[in-house]
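Colleague: Can you keep this structure in mind? I'll have questions shortly.
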Amino acid sequence: MADSKTATLTFDNKTFELPMHSPSAGPDVIDITKLYGQAGVFTHDPGFTSTSACESTITYIDGDAGVLLHRGYPIDQLAGKSHYLEVCYLLLYGELPTAAQLEDFEARVTNHTMVHEQMHNFFRGFRRDAHPMATMVGVVGAMSAFYHDSTDISDPWQREVASIRLIAKLPTIAAMAYKYSIGQPFVYPRNDLDYASNFLRMCFAVPAEEYQPDPILSRAMDRIFTLHADHEQNASTSTVRLAGSSGANPFACIAAGIACLWGPAHGGANQACLEMLKEIGSVDRIPEFIARAKDKEDPFRLMGFGHRVYKNFDPRAKVMKQSADEVLDLLGVENNPLLQVAKELERIALEDAYFAEKKLFPNVDFYSGIILEAMGFPTSMFTPIFALSRTVGWISQWKEMIADPKGKIGRPRQLYTGATYRDYVDIENR
Ligand code: CMC
């Protein structure tokens with residue numbers, strides 16, 4: 001971080017010098033940490049559109065160029081040549097593993113795939129019709145009640161064990177949430193399977209009938225995990241960091257991230273997007289929905305379109321589109337009507353001046369739902385799958401934050417516009 005430049009702020013005939021930092025990539029930042037003390041003013045940036053809240057070495061996005069790098073490696077290379085657990089290692093430890101390191105890491109994750117047996121009873125307290133995300137928020141938060149030996153955040157070993165536990169158990173918990181919602185028995189993990197195949201089996205096997213995951217579907221599943229693994233300081237990651245800044249335990253922090261991810265503007269967009277494609281139903285109805293998306297009086301938005309950071313294209317969406325073609329081809333789902341609607345919607349939207357002007361492009365959620373539905377997942381499982389994939393990103397960012405000696409509790413300020421001081425009025429006088 002080079003610190004040679006400064007910025008000057010002038011107001012009320014006073015001038016303040018603010019230090020600047022130059023990152024290894026991306027725009028310079030003006031450091032305002034001492035601004036209030038020196039100048040007595042706050043900065044105002046609701047939605048954090050221009051605010052860097054932390055220093056990080058994990059993920060870099062150039063939204064104008066459509067670039068996403070994890071520890072410097074581009075997402076398309078990772079999605080094409082690597083696999084999820086290797087990417088987990090990269091995110092957590094900063095470098096690609098050697099063969100021996102990868103073997104050791106995979107063994108450590110695999111050893112932790114089962115959940116405490118008592119957690120089965122905990123699941124049974126939920127209504128069967130609960131959304132699996134609701135169940136996951138509760139169960140992941142409750143992990144701190146089951147794994148006391150990995151909640152001391154001041155102990156690096158406990159932080160490491162908590163990280164491995166979360167990466168290993170989230171697929172088991174997501175699959176259990178699914179099984180519970182459809183009234184089927186829980187399927188225990190099988191450690192001779194790879195991470196993605198194990199998840200597919202836990203979702204689709206039943207005691208009466210074994211399930212053999214197709215290697216191509218496992219590969220597609222693994223790629224979906226990889227494409228969602230991390231995305232720098234998005235809303236849920238920032239939530240995890242904020243929760244963690246108070247010293248909360250890692251399970252509580254990840255539960256907070258899951259809760260934030262659930263919203264339709266974030267991870268819930270994959271479910272909302274598929275529901276939208278179904279509502280559109282046929283290619284001839286697309287213009288009606290495009291018109292609604294452009295109408296300022298209509299709250300409707302094209303789900304799976306637009307991104308706070310990507311203003312060119314979302315590099316994850318490119319890989320996802322390719323994957324959708326491959327999976328549907330494998331499953332023999334030719335002329336899938338949803339895929340047809342999606343492709344035509346994308347084509348029409350990209351030619352439309354409104355979307356061009358506002359730089360709205362398909363994001364990662366636009367095609368993922370089509371793949372997941374073709375694999376047999378109900379829409380309610382789309383966001384839980386995003387959550388289990390993103391867990392490694394959250395935990396890597398949380399670990400980075402805890403290890404940062406400059407770390408402080410997150411505490412934004414505000415532009416207060418409410419009533420100023422007034423005396424309490426007794427009820428009979430109001
Ligand atoms: N359809 C129609 N108009 C849109 C859309 C959309 N999907 N997205 C943005 N706009 C318009 C918006 O109305 C606004 O217009 P104007 O300037 O005239 O008021 C302009 O584009 C900028 O939108 P914004 O809401 O200020 O942009 P943002 O950066 O705050 O929001 C977003 C980004 C992703 C929340 C938004 O694009 C959106 O709601 N998209 C649909 C939901 C979605 O697909 N979310 C998944 C994001 S990728 C996965 C993830 O990270 O979770």
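The values are calculated or read from the model by the stated rules, or taken from the named source; none is laboratory data. Here the structure is a predicted model, which means the values were calculated and not measured. As a convention, Cβ positions derive from the backbone with ideal geometry for all residues, glycine included, and neighbour counts pool all protein chains shown.
Colleague: In the stretch 1-36, which residue that is of a type in the set (Asp, Glu) and under 32 Å from the mean Cα position of the chain (by Cα) is nearest to Arg413 (Cα to Cα)?
Modeller: Initial filter on the stretch 1-36 (of a type in the set (Asp, Glu)): 3, 12, 17, 28, 31.
Now drop any that are not under 32 Å from the mean Cα position of the chain (by Cα), which leaves 3, 28, 31.
Values: Asp3: 26, Asp28: 23, Asp31: 16 Å.
Step by step, filter the stretch 1-36, then rank; the result is Asp31.
Colleague: In the stretch 37-73, what residues are outside any loop (DSSP other than H, G, I, E, B), polar (S, T, N, Q) and under 18 Å from the mean Cα position of the chain (by Cα)?
Modeller: Within the stretch 37-73, the subset outside any loop (DSSP other than H, G, I, E, B) is 37-39, 46-48, 59-62, 67-70, 73.
Going one step further and asking which of them are polar (S, T, N, Q), we end up with 38, 59.
The one that is outside any loop (DSSP other than H, G, I, E, B), polar (S, T, N, Q) and under 18 Å from the mean Cα position of the chain (by Cα): Thr59.
Colleague: When you go through Asn198, Asn191 one by one, which is the residue that is under 27 Å from Trp398 (Cβ atoms), part of a loop (DSSP other than H, G, I, E, B), in contact (Cβ under 8 Å) with a residue 40 or more places away in the chain and in contact with a helix residue (DSSP H, G or I) (Cβ under 8 Å, 6 or more places away or on another chain)?
Modeller: On the way: Asn198 fails: part of a loop (DSSP other than H, G, I, E, B).
So the residue among Asn198, Asn191 that is under 27 Å from Trp398 (Cβ atoms), part of a loop (DSSP other than H, G, I, E, B), in contact (Cβ under 8 Å) with a residue 40 or more places away in the chain and in contact with a helix residue (DSSP H, G or I) (Cβ under 8 Å, 6 or more places away or on another chain) is Asn191.
Colleague: Is it the case that Gly281 is within 26 Å of Pro378 (Cα to Cα), of a type outside the set (A, V, I, L, M, F, W, C), surrounded by fewer than 21 Cβ atoms within 10 Å (Cβ to Cβ) and within 16 Å of the ligand (Cβ to nearest atom)? Before you say what the answer is, go through the steps one by one.
Modeller: Numbers: within 26 Å of Pro378 (Cα to Cα): yes; of a type outside the set (A, V, I, L, M, F, W, C): yes; surrounded by fewer than 21 Cβ atoms within 10 Å (Cβ to Cβ): yes; within 16 Å of the ligand (Cβ to nearest atom): no.
So Gly281 does not fit the description; no.
Colleague: Out of all the residues in the stretch 74-105, which are in contact (Cβ under 8 Å) with a residue 60 or more places away in the chain and either in a helix (DSSP H, G or I) or within 14 Å of Lys169 (Cα to Cα) (or both)?
Modeller: Of everything in the stretch 74-105, those that are in contact (Cβ under 8 Å) with a residue 60 or more places away in the chain and either in a helix (DSSP H, G or I) or within 14 Å of Lys169 (Cα to Cα) (or both) turn out to be Ile75, Asp76, Leu78, Ala79, Gly80, Tyr84, Leu85, Val87, Cys88, Leu91, Leu92.
Colleague: Based on this model, can you work out whether Thr15 counts as assigned to a strand (DSSP E or B) and touching a Phe, Trp or Tyr at 6+ places or on another chain (Cβ under 8 Å)?
Modeller: Details: assigned to a strand (DSSP E or B): yes; touching a Phe, Trp or Tyr at 6+ places or on another chain (Cβ under 8 Å): no.
No.
Colleague: Condition check: closer than 22 Å to Gly66 by Cβ, surrounded by 15 or more Cβ atoms within 10 Å (Cβ to Cβ) and modelled with pLDDT under 90. Does Phe313 satisfy that? Break it down stepwise before answering.
Modeller: Values: closer than 22 Å to Gly66 by Cβ: yes; surrounded by 15 or more Cβ atoms within 10 Å (Cβ to Cβ): yes; modelled with pLDDT under 90: yes.
Against the criterion (closer than 22 Å to Gly66 by Cβ, surrounded by 15 or more Cβ atoms within 10 Å (Cβ to Cβ) and modelled with pLDDT under 90), Phe313 qualifies.
Colleague: How many residues are in contact (Cβ under 8 Å) with a residue 12 or more places away in the chain, more than 7 Å from the ligand (Cβ to nearest atom) and aromatic (Phe, Trp, Tyr) if we restrict to the stretch 290-317?
Modeller: Selection size over the stretch 290-317: 2.
Colleague: Restricting attention to the stretch 119-132, does a residue exist that is touching a Phe, Trp or Tyr at 6+ places or on another chain (Cβ under 9 Å) and under 22 Å from Val364 (Cβ atoms)?
Modeller: Taking the stretch 119-132 first, the residues touching a Phe, Trp or Tyr at 6+ places or on another chain (Cβ under 9 Å) are 119-120, 122-124, 126, 128, 130-132.
From what's left, under 22 Å from Val364 (Cβ atoms): 131-132.
Checked against the condition, which is being touching a Phe, Trp or Tyr at 6+ places or on another chain (Cβ under 9 Å) and under 22 Å from Val364 (Cβ atoms), the stretch 119-132 yields at least one hit.
Colleague: Collect the residues in the stretch 208-225 that are assigned to a helix (DSSP H, G or I) and more than 11 Å from the chain's Cα centre (by Cα), keeping them in residue-number order. Break it down stepwise before answering.
Modeller: Looking only at the stretch 208-225, we keep the residues that are assigned to a helix (DSSP H, G or I), and these are 215-225.
Scanning the stretch 208-225 gives Pro215, Ile216, Leu217, Ser218, Arg219, Ala220, Met221, Asp222, Arg223, Ile224.
Colleague: What residue, among those in the stretch 87-127 that are over 23 Å from the mean Cα position of the chain (by Cα) and of a type in the set (D, E, K, R), is surrounded by the most Cβ atoms within 10 Å (Cβ to Cβ)?
Modeller: Restricting to residues being over 23 Å from the mean Cα position of the chain (by Cα) and of a type in the set (D, E, K, R), the top hit is Arg108.
Colleague: Mind listing whichever residues of the stretch 267-278 are surrounded by fewer than 19 Cβ atoms within 10 Å (Cβ to Cβ) and either near the ligand (Cβ under 7 Å from one of its atoms) or at pLDDT 95 or above (or both)?
Modeller: Those that are surrounded by fewer than 19 Cβ atoms within 10 Å (Cβ to Cβ) and either near the ligand (Cβ under 7 Å from one of its atoms) or at pLDDT 95 or above (or both): none in the stretch 267-278.
Colleague: How do the helices (runs of 4 or more DSSP H) wholly within the stretch 230-287 filter down when requiring 2 or more residues that are touching a residue at least 12 places away in the same chain (Cβ under 8 Å) and more than 18 Å from the chain's Cα centre (by Cα): which remain?
Modeller: On the way: elements: 235-245, 250-261, 269-280.
In the stretch 230-287, the matching helices (runs of 4 or more DSSP H) lie at 269-280.
Colleague: Still on this structure: Pull up the stretch 318-362, narrow it to residues that are near the ligand (Cβ under 9 Å from one of its atoms) and in contact with a helix residue (DSSP H, G or I) (Cβ under 6 Å, 6 or more places away or on another chain), then point me to the one that is modelled with the highest pLDDT.
Modeller: Tyr354
Colleague: Just to be sure I understand the filter: pairs with C-beta atoms under 8 Å, separated by 6 or more residues or on different chains, first member in the stretch 169-182 and hydrophobic (A, V, I, L, M, F, W, C) and modelled with pLDDT under 95, second member buried (at least 24 other Cβ atoms within 10 Å of the Cβ) and not in a helix (DSSP H, G or I). Which pairs pass?
Modeller: Partner pairs satisfying both residue conditions: none exist.
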